[in-house]
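Student: This structure is in structure tokens; I'll ask about it shortly.
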Amino acid sequence: MTTLRIRELREHKKLSLRKLAELAQVSPGLISQVERGLTQPSLDTLRQIAKALDTPIFSLLGDSLQQVSVVRESERMRLQSASGVQYSRISPGLGKIEMLEGFLPPGGASVGERWSHPAEECVVVTQGRLLVDVDTQTHSLELGDSCYFDSSLPHAYRNPYDADVRFIVAITPPSY
């Protein structure tokens, strides 16, 4: 499904394959391979492509939003990064709010370096403990704790602990 949405969005924005590659700071060959389903891009590459297309990451993977949508747990769209974070989209996508379930194994992080995007986020821990780095501060969250912040501040989620952590993130407007 990734291949259809990237090509569809690129063509809708009247971008050539080379121009999208330039904007995303990846090779044209990689964009071509991703669009044809020959390779699966990393989470970082998907972020770069989504940013170049000015669209949330998960909208690269999804269909049109319906007025009422049910997202079955077994049918959620999922992403995983080399830094250890796994996300599954709880919301149907393309709406005004995005809901993600996140998972970090011990030692995992949401990103290699803190990143920012124009949105607001609220995260709540549903299992384990989580560190939320926002700008220059670190916030320690335990089961049931939440943290709201302006996503334009550099941020990251980390799990330096010995047990897995699960959390729910609400983001508006969608940026994943």
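The values are calculated or read from the model by the stated rules, or taken from the named source; none is laboratory data. Keep in mind the model is a prediction, meaning the values are calculated, not measured. All Cβ positions, even for glycine, are placed from backbone atoms using ideal geometry, and neighbour counts span all protein chains on display.
Student: For the structure I just gave you, tell me whether Leu100 is assigned to a strand (DSSP E or B) and at negative phi.
Tutor: Numbers: assigned to a strand (DSSP E or B): yes; at negative phi: yes.
So Leu100 fits the description; yes.
Student: If you check Pro92 against the conditions, is it assigned by TED's automatic domain parsing to the domain that holds Leu20, of a type outside the set (Lys, Arg), over 11 Å from the mean Cα position of the chain (by Cα) and crowded, with 19+ Cβ neighbours inside 10 Å?
Tutor: Details: assigned by TED's automatic domain parsing to the domain that holds Leu20: no; of a type outside the set (Lys, Arg): yes; over 11 Å from the mean Cα position of the chain (by Cα): yes; crowded, with 19+ Cβ neighbours inside 10 Å: yes.
Here the answer is no, as Pro92 does not meet what is asked.
Student: Which of the residues that make up region 131-169 are in contact with a strand residue (DSSP E or B) (Cβ under 7 Å, 6 or more places away or on another chain) and under 14 Å from His117 (Cα atoms)?
Tutor: Val134, Phe149, Asp150, Ser151, Leu153, Pro154, His155, Ala156
Student: Related question: Looking only at region 117-176, filter to residues that are free of Cβ contacts under 8 Å to residues at least 24 places away in the same chain and among the charged types (D, E, K, R); which one of those is surrounded by the most Cβ atoms within 10 Å (Cβ to Cβ)?
Tutor: Asp145
Student: Determine whether Glu22 is over 26 Å from Ala156 (Cα atoms) and modelled with pLDDT under 90.
Tutor: In short, no.
Student: Please enumerate the residues belonging to region 43-74 that are assigned to a loop (DSSP other than H, G, I, E, B) and modelled with pLDDT of 80 or more.
Tutor: Residues satisfying the conditions are Asp54, Thr55, Val70, Val71, Arg72.
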